[in-house]
Each structure stands twice: as C-alpha cells, then as structure tokens.
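The values are calculated or read from the model by the stated rules, or taken from the named source; none is laboratory data. All values reported here derive from a predicted model rather than from experimental measurement. No Cβ is skipped: glycine too gets one built from the backbone with ideal geometry, and neighbour counts run over all protein chains shown. When the accessible area is computed, the model is the full protein with side chains, heavy atoms only, and any ligands, DNA or RNA have been set aside. Shrake-Rupley method; radii C 1.70, N 1.55, O 1.52, S 1.80 Å.
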Amino acid sequence: MSLLTPASEVIQRHLEHFTERHVVLAGDIQDELAATLEAASVRVITNQYHRWKSLSSLMGTNAQFAAIADADFIRPCNTLIYFWPKNKQEACFQLDNLCTHLTAGSQIFVVGENRSGVKSAESIMEGIATLQKIDSARRCGLYYGELEQPTQFDITRWWRRYEAENVQIHALPGVFSHNELDIGSDLLLSTLNEPVMGNVLDIACGNGVLAAVIGKNNPDATLTLSDVSAAALMSSTATLQANQLTGKVIASDVYSDINDQFDWIISNPPFHDGLNTSYSAVENMIYQAPKYLKRGGKFRIVANAFLPYPDMLDKAFGSHELLAKTGKFKVYQATKR
C-alpha cells in the first residue's frame, strides 16, 4: 500500500459516510485509497496511466483509465469523491463530465490542498450542487453537497484550438500548453533546422505540437507520441488528425510501453507530479534513453535552465550539447555513440 496523500488522509476522517454507498473516486488520484475504501462498491476513474496501472492490479475493471468518463461506468454510483487538481480548467471539465452521469441527489465530496485552489469548488459547482466546507486538516479542505442539477456535458465546448508553426493544435483542459504554444516548446522547435529523418518518439507529448511540427516539415518521418495523460493522448490524436498526419499515439509511463528503437527522442518533459516537484520521470527518461535509441540516434529536450539535467545527460551519454538558451530555458542534445 502506498502512502496516502494529505487529501486522502482527510477523506479517511469521514469513512462513515461511505460504508453503505456506491462510490466513484476521480480527479487528481495520487495514491491507492480507492483500493482500501470500505463501501458498498468502489470505482475509480483516473486520467493518469501510471495511476491506473497500479490501481487496476488491485481493483481490476473497477479502475478505469480515461479522459472522458464512461456513462455505464459512472451510472451505478451515488457518491463522488473528487480530488481537486492544480488546474482549475481541468477540474471544471472533469466535474462537468462526471455530473452528467450521476443522478440528482448523489453525494459529492470535493477534497484538495488549499494551495491547489480547492476553495473555488464552491463557486464552480454553483447551480449544480451547493457545496459547504465540512473539514479542514493537513492543509486541505473538504467540501460536501448533493447533486441538485446534473450537467449536460458536451466535449466540443472544451476543445481549444490554435496555430503554431503552421500546425493546427487541439487541446483539452489540463493538457500542457492548452491555450497557446509555451515558450519552452517554441525554443525547442527553433532548433529543428536540419531534416529529421527516421523514427521519432515524442515522449510526454502533451497536445502533440512537437511531433506535429516535425511531421509537417518532414513527411517521411515516422511518428510515435506517448504520454501518461489520457487527455494528452486525446489531444495529440486530434492534433495529428487536424493536420492530416499519421502516427502511433500510446499510453506509456516514460518507456513502460515503448518497445522500439528510434532515430530521435524529443521532449519537453514535466518536472511536477500534481502540485509537487518530481524529477523521477525525467531521470528515467534520460538514463534509459540510450536503450531506446539507434546508434547515432539523438535525444533532444528543453528544460528550465536551473534543472540539473546536464549532469544526467553526461552520465547517460558521456557528453551533451547545448543547442539554444534563453534566460529561462535551455535545449540540450545528446547522441548515442
């Protein structure tokens, strides 16, 4: 059993609410509370592939990996425990979706760390459920209400579309660079002046902008895009389709489901897991990269200038190059010798 987050510890203070209920947990799932919660039935839906893999080994088909909740999966439930994410738009998107499939009178618990902005749940749910704060502990808030007016979810209202480097980008809430091209990805793209040939892996692909620009400019490149986020995978698929590009889009926790070798690995990797700073995914990405590159293959990433990636690249590859830098970002490249 993994350690529980502060938010889950707050839920544990109220276990008597759930014993006779049919519960679904959703939102920013960060632990295995769902697998131990005592209730009439327990289901969990997570947008994060690595969380789903852990939970599905304990809960089987009662754990679902998806960006959009399946109506048949949610409908038997009469209680929602929603873990508030750091991204407010993502919370609005997910709650709109979930509250479409719950019936009026369903119990809703919203919990999250105060620094995540969980207090805004009260205003966001206005007209849907009247939430009241019922607990405050571990620097978290817990809000409770009953569903008064189920929503009518329409995913077309949630897509954001913009253009970058003559490529149409499609993105759902919670996906990195949701509303516009971020500065880091823009800097990385500026370094792609030479032809990119062969097999390309865009890891932590987000909305797919890196792979889409490469594919647009290099029609013979073979694209593979991977991410742990179901919303990112949906966004990347939509981006490829919008630009008449083909590519393999797969769920993978870094290299967990990658079985090929590539001529290029590119990434604008995250260094947060929820609200917390975490380098473990990027460390894995860098140290394992040579295994997934062909001889002469190139590994290129953009990162905040203060992050300790040069030493990792030297340990993994023996050396690295600095291709571009600004006051905030640097683009690094290493080659498999």
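What does the charge count around residue 209 come to, taking other residues whose C-beta lies under 15 Å from its C-beta (Lys +1, Arg +1, Asp -1, Glu -1)?
-3
Would you kindly give the portion of the calculated P(r) for the range 1-130 that falls above 22 Å, as a percent of all Cα pairs?
Summing the P(r) of the range 1-130 above 22 Å gives 29 percent of all pairs.
Using amide H atoms built 1.01 Å from N in the peptide plane, name the residues 5+ places from residue 25, or on other chains, whose amide H lies under 5 Å from its own.
Counting only residues 5 or more places away or on other chains, the set is 43, 44, 45, 81.
Quick one: which residues, 5 or more positions from residue 324 or on another chain, have an amide H under 5 Å from its amide H? H modelled 1.01 Å from N in the peptide plane, none for Pro or chain starts.
Long-range HN contacts for residue 324: 331.
Give the calculated FRET efficiency between residue 295 and residue 66 to the nearest 0.05, with a Förster radius of 30 Å applied to their Cβ-Cβ distance. It would help to have the intermediate numbers written out before the result.
Working: r = 39 Å, r/R0 = 1.28.
With a Förster radius of 30 Å, E is 0.20.
Taking θ as phi - 60°, what are the ³J(HN,Hα) couplings along the range 208-223 by the Karplus curve (6.51, -1.76, 1.60), each to the nearest whole Hz, with x for Gly and Pro?
Whole-Hz 3J(HN,Hα) from phi for the range 208-223: x, 4, 5, 5, 5, 5, 4, x, 5, 8, 9, x, 8, 5, 9, 9.
Using a 1.4 Å probe on the protein chains only, how many percent of the accessible area of the chain belongs to carbon and sulfur?
Its accessible area is 46 percent carbon and sulfur atoms.
For Cα pairs less than 8 Å apart in space and 6+ apart in sequence, what is the mean separation divided by the residue count of the chain, i.e. the relative contact order in percent?
12 percent
Just 80, 192, 147 to compare: in a GNM of the chain, with alpha carbon springs under 10 Å, which one fluctuates most?
Residue with maximal mean-square fluctuation among 80, 192, 147: 192.
Picking from 308, 85, 76, which is most flexible by a Gaussian network model of the chain using Cα springs under 10 Å?
308
Would you calculate, for the chain, the mean residue ellipticity at 222 nm contributed by helices, counting each DSSP H stretch of 4 or more residues as -39,500 (n - 2.57) and dividing by all residues, to the nearest 500?
Calculated at 222 nm, the ellipticity per residue is -7500 deg cm²/dmol.
Treating the angle as unsigned and between 0 and 90°, give the value, to the nearest 10°, between the Cα long axis of helix 88-101 and the longest Cα principal axis of the chain.
In the chain, helix 88-101 runs at an angle near 50 degrees to the longest axis.
Under 26 Å Cα-Cα from residue 328, which lysines qualify once same-chain neighbours fewer than 8 residues away are excluded?
86, 88, 298, 315
Write down the percent of antiparallel bridges among all DSSP beta bridges whose residues are both part of the chain, to the nearest 5. Could the numbers behind the result be given before it?
On the way: 32 of 66 bridges.
Antiparallel bridges: around 50 percent, rounded to the nearest 5.
Quick one: compute the contact order of the range 247-337, relative version, from alpha carbon pairs under 8 angstrom and 6+ residues apart, as a percent. Present the calculation step by step, with values, prior to reporting the outcome.
On the way: 140 pairs, mean separation 25.1, N = 91.
For the range 247-337, the relative contact order is 28 percent.
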